[in-house]
Amino acid sequence: MASALTDKLSRLVKEMRGQARITESNVQDMLREVRMALLEADVALPVVRDFIARVKDKALGQEVLGSLKPGQTLVSIVNRELAATMGEGISDINLAAQPPAIILMAGLQGAGKTTTTAKLAKHLIEKRKKKVLTVSGDVYRPAAIEQLKTVTKQAGAEWFPSTPDQKPQDIARAALDYAKKHYFDVLLVDTAGRLAIDEALMKEIKDLHATLNPVETLFVVDAMQGQDAINTAKAFKEALPLTGIVLTKLDGDSRGGAALSVRQITGAPIKFAGVSEKIDGLEVFDAERHAGRILG
Ligand code: GDP
């Protein structure tokens, strides 16, 4: 598949014509183009540096120097390395727990947690044939609780009521009790976000995690967040043992470089991609396809 980057590199190689062979310094020029492409895709700078260093090792091993199409060869090394960094074998939800399997949703406000909670509920009902309960621990925004109620209904799951005067941990315990009594397979716990990281938020979600001991702790992050994704990811990784990432709003314009940043910072697999506002807009993350998108 020809990409903008492949074209650029081919042009570079053409400019080198006349020189007897590809040299180490030509490879450095090509790597500079790769670096630009990653930065244009909004991959965070420290992640780009790290990534380029890894690719450089591979590129300078005879693979690129000796090849007839050095531009394409470098792009395919980059593609492979991108996909390997972002990909994992199994990326579906882990439900291997004494039922109900608890899934805790974490992320900033607006990242898409509530929407993704309902999308996941629908996925688990339809693809895994599970009985799913949702509950909101967002006691700061009554509208968020109502929003979860509405989208849970669309998903065909059951919603457990909560109110702003309750403590998130009490809500979680009550929902868990209810889920056990009524034989739910899965309990999805939506949580409060903030516009930016703050300590109270992190303490609250840590406490919730300790109370619930979830089998999955999913970090929901907006693909449009670009460079900032790295700081958000760092803060959530420090607070919680993340088991997976959901990258939302991949239907937008962004080239999705946040995927690489967040994957590298958290070490957690990217399990799903949000691809529309609608309830069925959730896809299993495809690392190879996404590598192509990042390279443009
Ligand atoms: P929360 O504050 O993290 O719970 O975020 P919400 O679930 O309320 O989502 C914030 C906004 O992003 C809403 O307008 C959603 O419809 C929208 N949204 C969430 N996921 C996606 C997605 O994958 N694609 C698009 N286009 N919009 C999304």
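I want to confirm something. Restricting to segment 67-95 and keeping residues that are among the polar types (S, T, N, Q), under 21 Å from the mean Cα position of the chain (by Cα) and open to solvent by 30 Å² or more (accessible area, probe 1.4 Å), which single residue is farthest from the ligand (Cβ to nearest atom)? Looking at the filtered set, the residue picked out is 79.
Of the residues making up segment 171-229, those that are more than 29 Å from residue 258 (Cβ to Cβ) and among the hydroxyl-bearing types (Ser, Thr, Tyr) are 178, 183, 211. Residues in segment 194-204 that are open to solvent by 10 Å² or more (accessible area, probe 1.4 Å) and not basic (Lys, Arg): 195, 196, 197, 198, 199, 200, 202, 204. Output yes when any residue across segment 254-273 is outside any strand (DSSP E or B), within 15 Å of the ligand (Cβ to nearest atom) and open to solvent by 40 Å² or more (accessible area, probe 1.4 Å), and no when none is. No, because not a single residue in segment 254-273 is outside any strand (DSSP E or B), within 15 Å of the ligand (Cβ to nearest atom) and open to solvent by 40 Å² or more (accessible area, probe 1.4 Å). Counting only residues that are open to solvent by less than 10 Å² (accessible area, probe 1.4 Å), out of contact with any Asp or Glu (no Cβ under 8 Å at 6 or more places or on another chain) and in contact (Cβ under 8 Å) with a residue 40 or more places away in the chain, segment 233-244 holds 2 of them. Taking residue 58, is it part of a helix (DSSP H, G or I) and modelled with pLDDT of 90 or more? No, not satisfied. Summed over segment 205-214, the residues that are open to solvent by 60 Å² or more (accessible area, probe 1.4 Å) and in a loop (DSSP other than H, G, I, E, B) give a count of 1. Would you mind telling me which numbered condition in (1) assigned to a helix (DSSP H, G or I); (2) within 16 Å of the ligand (Cβ to nearest atom); (3) in contact with a strand residue (DSSP E or B) (Cβ under 8 Å, 6 or more places away or on another chain) residue 247 fails? Among (1) assigned to a helix (DSSP H, G or I); (2) within 16 Å of the ligand (Cβ to nearest atom); (3) in contact with a strand residue (DSSP E or B) (Cβ under 8 Å, 6 or more places away or on another chain), the lone unmet condition for residue 247 is (1).
What tally of residues in segment 274-292 results from selecting those that are of a type outside the set (D, E, K, R) and more than 15 Å from the ligand (Cβ to nearest atom)? Qualifying residue count for the region: 3. Among the conditions (1) over 24 Å from residue 245 (Cβ atoms); (2) touching a helix residue (DSSP H, G or I) at 6+ places or on another chain (Cβ under 8 Å), the only one that residue 188 does not satisfy is (1). Across segment 190-231, the number of residues qualifying as within 13 Å of residue 107 (Cα to Cα) and more than 16 Å from the ligand (Cβ to nearest atom) comes to 3. Looking at the structure I just gave you, is residue 77 farther than 24 Å from residue 279 by Cβ, part of a helix (DSSP H, G or I) and free of Cβ contacts under 8 Å to residues at least 40 places away in the same chain? In short, yes.
Can you spot a residue in segment 224-239 that is within 20 Å of the chain's Cα centre (by Cα) and not in a helix (DSSP H, G or I)? Scanning segment 224-239 turns up no residue that is within 20 Å of the chain's Cα centre (by Cα) and not in a helix (DSSP H, G or I). Evaluation of residue 295 against the conditions (1) farther than 21 Å from residue 38 by Cα; (2) open to solvent by less than 10 Å² (accessible area, probe 1.4 Å) shows that the sole unmet condition is (1).
The values are calculated or read from the model by the stated rules, or taken from the named source; none is laboratory data. Only a predicted model underlies this, so the values are computations on that prediction, with no experimental measurement involved. Note: ideal-geometry Cβ built from the backbone for every residue, glycine included; neighbour counts use all protein chains shown. Heads up: the accessible areas ignore ligands, DNA and RNA and are worked out on the full protein's heavy atoms, side chains in. Shrake-Rupley method; radii C 1.70, N 1.55, O 1.52, S 1.80 Å.
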